[in-house]
Every structure is written in structure tokens, then in C-alpha cells.
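This report concerns only the one structure given below.
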Amino acid sequence: MSAELLFRLSALNTAYAAAIDSDRLEVWPDFFVEDCLYKVTTAANHADGLAAGVIYADSRGMLMDRIAALRKANIYEPQAYRHLIGMPSILGHDAAGIHCETPFFVARIMRDGATTLFATGRYLDCLRDDGALRFVERIVVCDSSRFDTLLAIPL
Amino acid sequence: MPDTNVSPDTSAMPQSWPAGISRVPFWLYQDPEILRAEQRKIFEGPAWHFLCLEVEIENTGDYRTTAVGDMPVIVVRGENGAIHAFENRCAHRGALIAFANRGTVKDFTCVYHAWRYDLKGNLCSVAFQRGVAGKGGMPEDFRVEDHGPRKLRAETIGGLVFGTVDPAAPSLEDYLTPPIAAKIRRVFNRKLEVIGRFTQTLPNNWKLYAENIRDTYHASLLHLFFTTFRITRFNQAGGVTISEDGAHHASATIGRMEASDDVYKQQNIRSDDDEFRLNDPSFLDAVAEFGDDIQLQNVALFPATMLQQLHNSIAVRQTVPRGTDSMDLNWTFVGFADDTPDMRRRRLRQGNLAGPAGFVSMEDGCIGGFVQRGVAAASGENGVVEMGGRDATSMATRATEASVRGFWKAYRGLMGI
């Protein structure tokens, strides 16, 4: 059971990364339940219990708006990510869902080819399993408090 | 994120500047000599700089480390509520006295040779001052009171702690001027609470960000998000307040419309897209919490402090130069200690407008880099800053660059160029 769940979580993360890294951002909100929380924050804020995020979306509509803004409104240089997502640690189950923690590396590739390690950190996830696994919560805890230039594409 | 590392030849910077404040020569963003002069004349000059929030150092011994330009600074709560600030540099060999972001101490001891400082930054003791077993030790005439890091004067307004290095600086209140101080107190009117901190590294000279924040002309042209969702448009009421000396700026956008939306259509501007609608517009549901209908207020204090009220998203921004073509932008997002859960959630959601991933401020993160790269070969050329005239006075419109000119008026005054 646990091995199967681990496999499903890993497959989910692989699909999640592929959607972002291959610029299929419109499907990104589908990884979340309607009444979700997606937040990008830092390890320091997380440790201090500070609630704000650089991105703070507590509905799937806000995730869709984030993508719509990137496509139609926001100005930033063309860039892409490459996610490397590690093995999830399953922390437990409760009424809210399955809790797990997963480390990630994200490289950013700029239009001129410059490739840098843009963010490292861990996903603190809560997932609902109704046949398909979807995120109730994905808290992206970046190890560093520093963001280079801007954070456009979600992590 | 430049194509290549931009390292213009600075051996022969033109160093000339047309008279007035409506031309900005590009060598100002490139010249390392200018950066050094700014540290001496502005950051260590008769100006005031945001250091931290009072609530970040509530109890005796609570400290935070920050920076005034290149100068590392400790700001600490002393006895009886006093606030002290001093250079974070041991008087002995120059090491940082404190290297954490914050902490709580009885006193400060440099890790290098254990020289000890009280909460006011006074050197109290030197390890082995009398030597060991009668050997070694400091000379007889060594006096601890003759040594110490430079002290800053600290004052507060609205729960914000400011410091100045120059003993000749006016009081904080006089420096800010009453109209600007009133704009600060309008928002920062009760006990604050930090809700998040972020640092954004920008690939541009710090002055480009100082100009950007004062540039009310660009707001609804560069930032499509603002315009489309009617957060701010030039046809909404509002204007800019500029201190007499040009140094400080406060812009305001008021809810009601002053002219029809056709003014945008007539300009055929990219930022007018009536097709764009939010799936979840509830995140922009704002509550007027300051007793007026100002939706947006940006206060920029010379040289490096910015205070934002974007609906109910409130933040303090501090710029720290990191070379001629790099700077740190430190964001402190705040709420009030008496926020209801609903208001706190509103601040968290509206936080999406600002910060490194802000729907609005995202462009401000990269636009300075576009200028820095654009002017790489143009140290002898000038930027044109003539929107709304050639002076720097308050105006009842935001279609102006008056506040940018105000920055340069204050800058030329302090720099003596």
C-alpha cells in the first residue's frame, strides 16, 4: 500500500514538474482541489510562523488567474524551469488528507541560455485521494530568502 | 539576468551633468566612484534610513542587523525602551559584532577576540586587557572609551525605526517634512505585526529603483494588471505630494473616476485589454481601513525607504546597493496586531500584488535591469525626464515625472554635483 502510494506520489510530482517545465501552465491548476492553498515562502518565514507568501493562492481560481496574468498581463523575459523533485517522505494521514514532504531543485534557463540554480527547497503537501491524487495544500518552502530578479513561473 | 556581464569601461566616465533635473546622465548608474561618493554623502550623510520595525525589537536586548548602504548596522532595544543603533563593526579588527539576522542579548561580544559592547554600542571590556600572568595585555594608556563603532541616531515614526549616521542631520520629523509624515501616519497608525520577509536581488543600480517607485507615469503603462482591473488608472483621481526639497514623495490613487476610459483607447496603449477578467476577483475585495477612499498609496523616502499601501497589502521596502549594477530589495510585509482573521487573510491574498512574484511589482523587478543593459554603451548620454514639466512640485495628476525629478533635486544637493 505504502509502496504503491509512494509510486503514485512520485508519478504525480513528475507530471507536475513536466507541466511547468514544458510550459503547459494551463494544466497546472488541475493538480489542485478547488478549495486549495498554494503558497511560495521561505524557510525563514516558515520557521517563524509568518504566513505571507510571495505567491499566496487559496482557491484554484487564483491559480488560474496567476497563469492568465503570466500569459496576458505580466512582462518578464522569456525563461523556463527544470525541476528535479526528490522522493516524497510520507508523514501521515488524517482527515485533511495525506501529508508528505518532498525536496526539489529548480534551475532557471533564461532566453540567452544562462542557466542558474534558481531555487531549492521542499514541498510540504497535503493531498486528497479520490481515485486521483490532488493537492489540498502545496506549501513551497524555499531554502533561501533571496529571489533573483523575479519569480514569474510557479515552482 | 543580463545577456553578458555588463562591465562598462569606467576609466573615463564623462562626469558631466546638464544643469537642472530633467536630464539624467547614464554614467550615474555605472560609475564606481559615484557609488563610493553616495556611501559617504548620502548613506552616511544627513539622511535618514529605515532600520527595522519597533515590534521587531520589542524587549530589552532584542536586536536586528541591517544595512545603511554598505554599512552593516545593529539596531537594538536598550534599557527603558530606548532604541540604539551602531555600526556592526568591532573597533578592534573590524569584524562584524553580530552576524545573525536577529537575536536577544545582554551585551554584544565580538567572536574574533571577545571585545564586548553594551547595548548602546559602547566598548565595555577587552579580553585579557591586563594580559596573562603579568605578560602581554594592552598598553597602560589603552582606554575602552576611546574605541567603539560609529553610532547612529535612531528615531521612530509610526512604529518604523530610522537611523542617521550624521550628527548634523535634522530630526526625523523635520527631515520627512509634515506633509510626508502625515502620509506615513495615515497608514502606520497602530501596532504592527510582521507577516513575511523576502529579499529580491535586482540586476540594476539602486537609483533606478528609487526612480521607478517615484515614477507615477509608468504605473498603468507597464503594469497591465493594475490597469485592466481598475486598480489605478490615470483617469482615477489622485496625485503626488512632493516635499519642498524634492526628496520625498507620496502618490495616491483614489477610487472614483475622473475621466472616461476612452483616454486609454485614444492612446492605443497595450495595457488596455477589456477582455481580461479574473476567475477569482475576490482577492481584490478591499476594505477602506484608513478613513478615506485612497486605494493605493506609495511613499518614497529619500534615499532608500518605500512604504506601500496597495489596497490592504502593506509593506516596507528597503534598498541596499550591491555594486553599480546590483541591489537588494528587502520587503517586510506587515499587518496590524488587531487584524481580524478576515483582514489578515485579505492581506495575505493581496500580497500577490507586490513582492518578487507580485502581479504588479514583477515588472519593476526586471525593468531596472532593462535600463541597466540598455545604457551599457551610453555613459555619455542622458535620460529625459520631462513629463509634467521640468520642476519637482506636487501635482494633482500621476501623469508626471515630477517625483523622479524631486529625487534628482535632493540627490544633486547632497552629492554636490
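The values are calculated or read from the model by the stated rules, or taken from the named source; none is laboratory data. Quick caveat, the model's predicted, so the values are computed rather than measured. Because the Cβ atoms are built from the backbone with ideal geometry, glycine has one as well, and the counts that use them run over all protein chains shown. Just so you know, the surface numbers come from the protein's heavy atoms only, side chains and all, with ligands and any DNA or RNA stripped out. Shrake-Rupley method; radii C 1.70, N 1.55, O 1.52, S 1.80 Å.
Using the Cβ atoms and a cut-off under 9 Å, what net charge is assigned to the surroundings of B:PHE86, where Lys and Arg are +1 and Asp and Glu are -1?
+3
May I ask for the net charge around A:ALA44, where only other residues with Cβ less than 11 Å from the Cβ of A:ALA44 are counted and Lys, Arg are +1 while Asp, Glu are -1?
Value of the local net charge: +1.
Using θ = phi - 60° and the Karplus curve 6.51 cos²θ - 1.76 cosθ + 1.60, what whole-Hz ³J(HN,Hα) does each residue of region A:105-119 get, with Gly and Pro shown as x?
Here the 3J(HN,Hα) series is 10, 10, 8, 10, 10, 7, 5, 8, x, 4, 10, 10, 6, 8, 8 Hz.
Amide H neighbours of B:ILE83 under 5 Å, counting only residues 5+ apart in sequence or on other chains, H built in-plane at 1.01 Å?
The list, which skips near neighbours in sequence, is B:GLY78.
Among B:VAL161, B:VAL76, B:VAL126, which one shows the highest mean-square fluctuation when chain B is modelled as a Gaussian network with alpha-carbon springs under 10 Å?
B:VAL126
Relative to the longest principal axis of chain B, what angle (0 to 90°, nearest 10) does the C-alpha long axis of helix B:178-187 take?
Roughly 80 degrees between the two axes.
Mind listing, in residue-number order, the residues in region A:64-95 that have at least 50 Å² less accessible area with every protein chain present than in their own chain alone (1.4 Å probe)?
Residues passing the criterion (a loss of at least 50 Å², heavy atoms only) are A:ASP65, A:ARG66, A:LYS72, A:ALA73, A:ASN74, A:ILE75, A:GLU77.
Sort B:VAL384, B:VAL371 by accessible area with a 1.4 Å probe, largest first.
So, going from the largest accessible area down, we get B:VAL384, B:VAL371.
Could you estimate the translational diffusion coefficient of region B:163-253 from the Stokes-Einstein equation, with Rh from the Kirkwood formula over C-alpha pairs, at 25 °C and 0.890 mPa s, in whole µm²/s?
153 µm²/s
State, in square angstrom and to the nearest 100, the accessible area buried between chains A and B, both chains counted, probe radius 1.4 Å.
3600 Å²
Around A:THR14, with a cut-off of 12 angstrom between Cβ atoms, what is the net charge of the other residues, counting Lys and Arg +1 and Asp and Glu -1?
0
Taking the solvent-accessible surface of protein heavy atoms with a 1.4 Å probe, what is the per residue accessible area of region A:3-142 in Å²?
Value for region A:3-142: 41 Å² per residue.
Heads up, I need the accessible area for B:GLU38: 1.4 angstrom probe, whole protein in place, Å², nearest 10.
Probe radius 1.4 Å; accessible area of B:GLU38 about 0 Å².
For region A:51-149, just run the numbers: alpha carbon Rg, then divide by 2.2 N^0.38 Å, N being how many residues it has.
1.22
Any cysteines in chain B with zero other Cys Cβ atoms under 4.7 Å from their Cβ? List them, or say none.
B:CYS52, B:CYS124, B:CYS366
When the scattering of the protein assembly as shown is computed by the Debye formula from its Cα atoms alone, each counted once and equally, what is log10 I(q)/I(0) at q = 0.05, 0.11 Å⁻¹?
Here the Debye-derived log intensity ratios amount to -0.23, -1.08.
If you place +1 on the Cβ of every Lys and Arg and -1 on the Cβ of every Asp and Glu, how big does the dipole about the Cα centre of region B:14-158 come out, in debye to the nearest 20?
Roughly 260 debye for region B:14-158.
Once the Cα gyration tensor of region B:112-226 is diagonalised, what are the square roots of 5 times its eigenvalues, in whole Å and ordered largest first, as equivalent ellipsoid semi-axes?
After diagonalising the Cα gyration tensor, the semi-axes are 45, 19, 15 Å.
Name the lysines eligible as straight-distance cross-link partners of B:LYS191: C-alpha to C-alpha under 29 Å, and not fewer than 8 places from it in the same chain.
Within reach: A:LYS39, B:LYS106, B:LYS120, B:LYS151, B:LYS183.
Place +1 on the Cβ of every Lys and Arg and -1 on the Cβ of every Asp and Glu in chain B, take the dipole about the Cα centre, and give the residue among B:ALA315, B:ALA82, B:LEU278 whose Cα lies farthest towards its positive end.
Farthest towards the positive end: B:ALA82.
Can you give the accessible area of B:HIS92 in Å² (nearest 10), computed on protein heavy atoms with a 1.4 Å probe?
Counting only protein heavy atoms, B:HIS92 exposes about 70 Å² to solvent.
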